[in-house]
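Everything below concerns the one structure shown next.
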Amino acid sequence: MSRNLLRLTPGARRDAHLWVDKALSLWTPGKPFLLEIREPKRTDEQNAALWSLLGQITKQRPLHNGRKMTADLWKSVFMDALGHEVDYCASLDGERIFPLGHRSSHLSKAQFSDLLELILHWTAEQGLTIKHFDAEPERVAA
C-alpha cells in the first residue's frame, strides 16, 4: 500500500475509515502501517511570501551584528526569535559547532503565519521598506 494523503474533514470520515480498514486487511506481523494525523504544512503562497520578505531584508540589511547575512541566515534568526529550538552538532574535526534544524518546511500553516507576522512586525520596527511581499522571491547570493 502506498502513501496516501486525505484532508481530514467531517465529510471525509468515511474515506478515512475505509483506508484504515484496508491497511488492517493487508497487515501482516512485523510489517505495521503508520497513521499520521497532523496540521497541514505551509502553503506555496506562504513560502513565496517568506522568501520575498527575506530577500528584501537581506538587500536592506546585509549585515547583522557585524555578520554578512544571507536570506537563509535571516530565516534562522527569525525562526529563533519565534522560539523554534535548534540543536547544535560538532564539526567532524571538532573545531566548531553548527546548527541543525530551523526548517521552515516543517511548520504548520498557523506557525508559518506567525513567522511571517513576526518578520513583518520586525521590518516595521526597523523602518525597512517592504514591497508587495508575495511577489516572486528575491534570492540573494551569499
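The values are calculated or read from the model by the stated rules, or taken from the named source; none is laboratory data. Remember, it's a predicted structure, so these values are computed and weren't measured experimentally. Positions of Cβ are backbone-derived with ideal geometry, glycine not excepted, and every protein chain shown enters the neighbour counts.
A few remarks follow.
- Here ASP15, ASP87, ASP93, ASP21 are screened, and the one residue that is more than 19 Å from LYS109 (Cα to Cα), among the charged types (D, E, K, R) and either touching an Asp or Glu at 6+ places or on another chain (Cβ under 6 Å) or part of a loop (DSSP other than H, G, I, E, B) (or both) is ASP93.
- Pick from the range 1-48, criterion basic (Lys, Arg) and out of contact with any Phe, Trp or Tyr (no Cβ under 7 Å at 6 or more places or on another chain), ranking: nearest to ASP114 (Cα to Cα): LYS41
- Qualifying residue in the range 30-46 (condition: free of Cβ contacts under 8 Å to residues at least 12 places away in the same chain, under 27 Å from LEU5 (Cβ atoms) and assigned to a helix (DSSP H, G or I)): yes
- Of the criteria (1) surrounded by 14 or more Cβ atoms within 10 Å (Cβ to Cβ); (2) farther than 18 Å from PHE112 by Cβ; (3) of a type in the set (D, E, K, R), which one LYS75 fails: (2)
- Scanning the range 56-83 for residues that are under 16 Å from ALA124 (Cα atoms), in contact with a Phe, Trp or Tyr (Cβ under 9 Å, 6 or more places away or on another chain) and not charged (D, E, K, R) yields a count of 5.
- If the condition is being loosely packed, with under 12 Cβ neighbours inside 10 Å and not hydroxyl-bearing (Ser, Thr, Tyr), then the range 7-17 contributes ARG7, PRO10, GLY11, ARG13, ARG14, HIS17.
- Lone qualifier among SER52, SER91, SER25 - being among the hydroxyl-bearing types (Ser, Thr, Tyr), in the same structural domain as SER105 (by TED's automatic domain parsing) and without any contact (Cβ under 8 Å) to a residue 24 or more places away in the chain: SER91
- So GLU136, is it out of contact with any strand residue (DSSP E or B) (no Cβ under 8 Å at 6 or more places or on another chain) and modelled with pLDDT under 85: yes
- Yes/no for HIS106 being under 19 Å from the mean Cα position of the chain (by Cα) and either in contact (Cβ under 8 Å) with a residue 12 or more places away in the chain or surrounded by 12 or more Cβ atoms within 10 Å (Cβ to Cβ) (or both): yes
- Conditions (1) touching a Leu at 6+ places or on another chain (Cβ under 7 Å); (2) farther than 22 Å from ALA124 by Cβ; number of the one not met by GLN46: (2)
- Against the list (1) modelled with pLDDT of 80 or more; (2) in the same structural domain as LEU5 (by TED's automatic domain parsing), the condition PHE33 fails is (1).
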